[in-house]
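Here's the structure, in C-alpha cells; my notes come after.
No lab work stands behind these numbers, since they all come straight from the coordinates. Given the structure is predicted, the values throughout are model-derived calculations rather than measurements. As a convention, Cβ positions derive from the backbone with ideal geometry for all residues, glycine included, and neighbour counts pool all protein chains shown.
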Amino acid sequence: MEQTPMSEKPLPTVVTEPVNITVDGEEITVQNGELLIEACHRNGTYIPRFCYHPRMNPVGMCRMCLVEIDTGRGPALQPSCMIEVTPGMVVDTKSDLVSKVQDGVIEYLLANHPLDCPVCDKGGECPLQDQAYSHGPGESRWVEEKRHYAKPIPISETVYLDRERCILCDRCTRFAKEVAGDPLIHFIDRGANTQVNTFPDEPFASYFSGNTVQICPVGALTAKPYRFKARPWDLQTVESTCTGCSVGCRIEIDSSRNHVLRYNGVDSDPVNWSWLCDKGRFGFESLEAADRLREPLVRSGETLEPASWAAALATAAEAINAASPGSIGVIGGSRLTNESAYAWAKLAKGVIGTDNVDAQLGDGLPADVVFGLPQATIDEVCKPGGTILYLGPDPKEELPVLYLRLKHAVDEDGARIIELAPAGTGLTRHSAVSLNYRPGELGQLVDSLVSGSNSTGENAALSTAAKLIAAAGDSLTVVIGRANLAENAQSVVAAATAIRDAVPGVKFLVALRRGNVRGALEAGLAPGYLPGRVSLTGGQDDQVAAFKSLWGNVPAKQGLDTKGILWAAAEGKLDVLILLGADPLSDFPDRSLARRGVAGARTVIAIDRFPTASVVQADVVLPAAGHSEEQGTTTNLEGRVTVLNQKVTPPGTARPDWMIAAELAWKLGGDLGVDTESSELWAELVASTETFAGAGVDALADTANADGIVITAEPRPLATVEAPHVSPTSAYSLRLVVNRKLYDAGASISRCDSSSALAPAQALRLSPADASPLGLKDLDRVSVTSPNGSLSARVALDSSVPKGTAVLVHNLAEADPGALVASDDAVCEIRVEVG
Amino acid sequence: MSRLTPENVELAKQIIRRYPRPKSALIPLCHLAQEQDGHLADDAMVHIGELVGVTSAEVLGTASFYEMFKRHEVGKYCVNICTNISCQLMGGEELLEHAEQTLGIRSGSTTNDGLFTLEDVECIAACTEAPALQVNYRYFHRISNDDFDQMIDELRSGRLDDVVPPHGVLAKVRQDLAEEQIANITPPETQVMPRWIADEAAKNDPAASEGGQA
C-alpha cells in the first residue's frame, strides 16, 4: 500500500543535469544530486518512510527507507532519504534483505506503539498503520508491557500530544525549528524515555502548530477541532483555496454529512508547499458559528426582524430605486469570489450606475498602485540568492505562509531581506538589514537607499542596505503594503514609485491582506475602474464602450473610495450604503469617521455572514454563503486564479453573493445575464477582459493548472507620487503605529472556538527609552491622547520599538486605536500620560 | 527555584564570550545554574535560554539528555554507589543496602534533612578500587560498611567540606580566562576554510576556492 497524501507529493524537480540510475532493474533518468527517495518517488517507486518529508531537510531517523544501494563497491543498506543520486547507481528497493529490514524496523516501531487504532483519529490514513500492513512482519514477537504515558496532553490551545503513539520521527520538532522558526517543542530526556514535549507551562504557541498534526505519520498529534469527529473513510474531500488571507494557500476540504470537519494543506509548489497557518487551518469553525446569519433581516424600528428574501430584496430595491446613482455607495467585496465580485461590479456600475465602489476599507493601497506596479510572484520574490526589499505589514501576522516562504528563502536559499519597518516584526530576525523609520519618514529612508546618496554615510546599516540593493540591480524584488494603519497610504505609494523610478526592472509583490482583494479590484470593485483594469477616465474609450454595450450602462465619471463614501455618508449626502461583507466599524482605521458614515447613510444594506458591528446597524441584512459553501474562483496577491469548490450547503437560506446581486438586479429592472451557475459570470469576465483571458473555465479545469493561473497584465501608467510632508513632532509626542496580529477580534476568527482565546491583550508598546522618563513599567495604565480622541491602555516595554514611536494593535477587544486615527492625517501623533 | 543571580549573570556573560556562538555556552551555563541552586531549576533554564538566544524547550531538550543535570531538588550530597559487575562482585549491592539502612531512605530518594540523595549507578570506571562510590562525583574507593558510616558522619559534621563541595559545584577553583585569551575567537561565518578542504572544493568548483586564499 503506497500512501501519498496530497500534502506529500514528490518535489516538482526539473531535470537539468540528467544522470541515469537503475532502480529495481529499470533504468531511470533523474536529476544529478537529488535525493534517491525523491528520484524514486517521482519515477513511480514509492519507498516507505516516516521521518522524510519532501519540504524539510532529511534526518535519516526512522530507518524505514533503507534500500540496497550499489555504487560500484557492492550493495549496502543505506537510507534513501540521505543519499544523493550519482551516475550509475544501482538500487534495489524490494530485495529480500530490504524486506527483512523493513520488517524489523516496523517491529521495533510497534514495540511501544499502542494498538488503539480503532479509537485513533489517524486510523485509516496513518502511514504507520498502512506501512505496518504493507511492509511489516504481520505479528510481533514482543510480549512485554508497553511504555505508558499520560494519554493526550494539550501542548497548545489546538494541538494534543499522545506520547505513547509517537515514533520519534522528528517531523514535528523539525517543522517547529526549521520551517516555522518556533522551536517550542523538542526531544526531551534520553534513550527509551525520549519524548517530544514542550517546556513545562510554555505551550507550543506557534501560528503554524496545526501543520505538525498534518505531517505526524502516526496519531501522536491531533487537532482539537477534529478529534473524534470522523473516520477518514467517512470523509469526502475536495480541493479548494483558503481565503483567510490573500496568500491563497491550496487546501483540501474534508467534510462528512454536510459538515466541514477539517482543512489540510495541499502541496502547491508556487504557493504554500503544503503548509497552512492555524488561522486558515481552523478557520472552518466559523462556518457553523451559532450567530451565523441564516435568513434575511429587515429593520423594524429598533430591531432587525426576519423577513423573506422577496420582502428583503424588495426593501433593498426600493431604497436603491429611490436614490440617485451618485448617492449610492458600495464598500467591500474582498470576501467574495471573483464571480461574485464581477456580479456586484456589474450590478453597481452597470445596473445601478454608481462608481462609488471600493473593495478596500482604507487599509490597503489604491487600485492605481496595484495596477500600476510591475508584478512579481511569490516564487520570484523568494528566488534563491535573491534580494528582497520588504516594506509591508508584518508577514508573520498578516500573511503567515508568505512569511514561511520568505524565511525559507533566507535560511535555505541564500536570499537576503532588507526590511524597512516602523518597529520590529516577525521578519526582523531573518532580515540581513532591518531599518526602522519614524511614521511619515519612509520617503526619506527610501530616497537615501535607492539614490545611493548615503552609501558612504555614517549609518552602517543603511549603507549595507544600499549596497545590497545596488548589487541586486534589476533582480531586486519589493514586497509592498501598509505596515501602519495610522499613516495614510501616500507614504507607501510614494516609496513604491520612488523605487520603481530608481531601479529599472524591479518587480513588486503587493501585500494586500484580505482574501480576494486582488480579484475584487481586477473584477471592477474599485472606484474609476471597470473589470480588467479598464479605467473610466484613463483614455481607454474603446474598452469602456465595450462594457457599455455589454452592461447597458457604465458610470460617467470616477466615484469615491471608501473614505470618500464614508465622508459623504457622514455629511448626509449618501442615500444608500451597501456593505458587501465589509465591517467599517471594526476595520476602517478611522473609527470616528466610520461611525458617522454608517450612522449617516439613510439606508444601509449589508450582505454578510455574521452580525458584525456594522451589520447590526443595517436596515436590510442579506445572509451570504461563505467559504466551502459556494463554487467559484479566487485571486491571490500574486494575481493567481485558483478554483474554490463547494463542499457543504450554506446555512438556512443564505446564498452566494452573485445570486444576491442577480436577484437585486432583477428587482431593479436589470439583468446580470446569469442563469444558474456562477461560471457563466466567469466566462463573461474572461471573454470581456484581457487580464483574465488565459484563465477560462477549461484552462482552470486542466490538471496541469492545479496550482492556478497567474493573470498577467501590463502595468498601467502610474505617476510618481511625492512623499507626504510631515512637520516635525513636538518634544513630548510619539508617533503611533497601528498594526495587526494574526488573532484579533475579526468576524471569522473570533467565531472559531479553538482560536478565539488566542487573541493577545491590547498593550501600548513603547521603547524603554520613552518609558523611563515617564517612570513607566510593564502593565502600567496610561491614557493615550491624539488630536482626534483618547483611550486608556496598559504599557508593554519593547526594545524592538524605536524611540519616538508607540505601537497599538488594530481590532482587539479593548482599547481601539481607531479612536486616535484620522484618515486624512499623514501620521498620528499621540501623547502618553500616566493614569 | 530561581533565575541566575546578578553575579552569576556577569559570570554567564563571561562564559558566553568564550564561544563563537552564544548557544555553545548552553551546557556550561547549566552547570552554573546547578552550582547556584544545587539543581537545574526551571526558571534557570528559562533564563539560560534568554541569555544564549534559544527557547526554554531547547534548553530542556539539551539538559534532559544528561543525567547529571538534576531537574529536581537533590540533597547537598549526592551519593552514587556503583552496582556494576566489578563492584557487585566486591559487595557493591550489599553496600547499597547498608547505605539505605544507614540513611533510612530507598535508593533514588533524599533524606528528610535534605543532606543526602542516594543513587545506584552504572560503572563509574573505578573497577580496580571496588566497591566504589562517588559523593558529588568525588571518588571514595574500597568502601566497607564502616567506612561508609564514617564518611557519612564526616560529611554531616563538615569535616569533609574541603574534599566534597555541595552538589553542583564542579571545582573549587573556577577557570578564569584572561580577556586577551578569549579575544581571538573567530565567528564561524568569518572563519577561513582550511587549506586541505579548500583545495578539494576548488577541484570541483573554482568559485569555492576564495576562502582558502584569504
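Toward the positive end of the charge dipole of the protein assembly as shown, with +1 on the Cβ of Lys and Arg and -1 on the Cβ of Asp and Glu, the farthest Cα among A:Val616, A:Thr649, A:Ala76 is that of A:Val616. Principal axis analysis of the Cα atoms in region A:760-835 yields extents of 31, 25, 23 Å, listed in decreasing size. Extent along the principal axes, Cα only, for region A:373-510: 33, 32, 28 Å, with the longest axis given first.
May I ask which of A:Lys151/A:Lys177; A:Lys177/A:Lys396; A:Lys396/B:Lys23; A:Lys122/A:Lys177 have a Cα-Cα span longer than 18 Å here? Those over the limit are A:Lys151/A:Lys177; A:Lys396/B:Lys23; A:Lys122/A:Lys177. Simple point charges give the picture: +1 on the Cβ of Lys and Arg, -1 on the Cβ of Asp and Glu, and for region A:295-431 a dipole about the Cα centre of about 200 debye. Simple rule: put +1 on each Lys or Arg Cβ and -1 on each Asp or Glu Cβ in region B:77-157, find the dipole, and look at B:Phe148, B:Thr117, B:Gln101; the Cα lying farthest toward the positive end is B:Thr117.
A straight Cα-to-Cα reach below 28 Å connects B:Lys76 with the lysines B:Lys13, B:Lys172, residues fewer than 8 places away in its own chain not being considered. Taking the three principal axes of the alpha carbon atoms in region A:107-223, the coordinate ranges are 40, 27, 24 Å, sorted in descending order.
Report the Cα centroid-to-centroid distance between region A:599-674 and region A:1-80 in angstrom, as an integer. First find each Cα centre; the distance between them is then 47 Å.
Report, in debye and to the nearest 20, how large the dipole of the protein assembly as shown comes out about its Cα centre when Lys and Arg carry +1 and Asp and Glu carry -1 on their Cβ. Display every interim value, and only then the final one.
Details: 91 positive and 138 negative charges, 383 e Å.
The calculated dipole for the protein assembly as shown is roughly 1840 debye.
Here region A:107-223 is treated with +1 on each Lys and Arg Cβ and -1 on each Asp and Glu Cβ, and its dipole about the Cα centre works out to around 160 debye. Where Rh is the Kirkwood radius over the Cα pairs of the protein assembly as shown, the temperature 4 °C and the viscosity 1.567 mPa s, what D in µm²/s does Stokes-Einstein return? Calculated translational D: 40 µm²/s.
Expressed in nm², what is the orientationally averaged projection area of the convex hull enclosing the Cα positions of chain B? Let's see the in-between values first.
Values: hull surface 65.4 nm².
Spelled out: convex hull of the Cα atoms, projected over all directions, averaged, 16.4 nm².
Residues of region B:143-162 with amide nitrogen under 17 Å from the 7 Å Cα-to-Cβ point of B:Glu100? Residues B:145 qualify, since their backbone N sits under 17 Å from the label point. With a threshold of 27 Å on the Cα-Cα distance, the over-threshold entries among A:Lys146/A:Lys279; A:Lys573/A:Lys667; A:Lys349/A:Lys667 are A:Lys146/A:Lys279.
For A:Lys803, the lysines whose Cα comes closer than 21 Å to its Cα, not counting residues fewer than 8 places off in the same chain, are A:Lys777.
Listed by chain and number, the aspartates and glutamates whose C-alpha is less than 18 Å from the C-alpha of A:Lys467, apart from same-chain residues fewer than 8 away, are A:Glu419, A:Asp447, A:Glu458, A:Asp501. Toward the positive end of the charge dipole of chain A, with +1 on the Cβ of Lys and Arg and -1 on the Cβ of Asp and Glu, the farthest Cα among A:Pro787, A:Ile37, A:Leu566 is that of A:Pro787.
Excluding A:Ala759 itself, what net charge comes from residues whose Cβ is under 14 Å from its Cβ, given Lys and Arg +1 and Asp and Glu -1? Once all neighbours under 14 Å are counted, the net charge is -3.
To the nearest 0.05, what FRET efficiency results for A:Ala813 and B:Glu122 with a Förster distance of 60 Å applied to their C-beta separation? Show your work: numbers first, answer last.
Details: r = 56 Å, r/R0 = 0.94.
That gives a FRET efficiency of 0.60.
Take B:128-135, A:552-559 and order them by the average number of nearby Cβ atoms within 10 Å per residue, most first; the result is B:128-135, A:552-559.
Within chain B, the cysteines lacking any other cysteine Cβ closer than 4.7 Å to their own Cβ are B:Cys30, B:Cys78, B:Cys123, B:Cys127. Using the Stokes-Einstein relation with a Kirkwood hydrodynamic radius computed over Cα pairs, the translational diffusion coefficient of region A:6-94 at 10 °C and a viscosity of 1.306 mPa s comes to 123 µm²/s.
A straight line joining the Cα centroids of region A:318-371 and region A:704-762 runs 21 Å.
Between B:Gln175 and A:Asn258, the modelled label-to-label distance comes to 7.2 nm, taking each label 7 Å out from Cα in the direction of the beta carbon.
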